[in-house]
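Nothing in this text is a laboratory measurement; each read-out follows from the coordinates by a stated rule. Just so you know, these numbers come straight off a predicted model, no measurement behind them. Cβ placement follows ideal geometry from the backbone for every residue including glycine, while neighbour counts extend to all protein chains displayed.
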Amino acid sequence: MSKVKEGLQYKTERLQKICVPYINYALSAETKSQEGLVTGGCVQIRGQFIKAELDDKEQGVFLSGAKKTYWLSRYTRCTRCSIDALLPDDLPPGKYWIHVCTKRADALCTSNSIPVTVEAAP
């Protein structure tokens, strides 16, 4: 759209950069490694553009298993590049895919998925 202001013509465009969330890695907060995630423990997720509105159940950290997807509802940190989330105490041990959903420009954006293995708490 062109506009004229004080004899100058300029073009205005609505540009909106949508940044898709991306997970670099997920670690156990206790062991600082990809091994050792336990039910009731804390998972540290590092990436880009992963900050989410944690009150919205469509956004946040999700664990997708073979039978069910779990939304993580307890967090200790959520920034643009890191999320620390507590795993549920009743999460069954097994293999999961962890991903982050955020909302940008009224559309849900889903990150890549990272495989994790959750073990029973000792």
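Among 85-91, 106-112, 69-75, sorting by the average number of other beta carbon atoms lying within 10 angstrom of each residue, highest first, gives 85-91, 69-75, 106-112.
Annotation: extensible slack from L54 through T69 equals 3.7 nm (criterion: 0.36 nm per residue apart, minus Cα-Cα distance).
The Cα center of segment 26-42 and the Cα center of segment 86-122 differ in position by 13 Å. Using the Cβ-Cβ distance between C19 and A120 with R0 set to 30 Å, the FRET efficiency works out to roughly 0.25.
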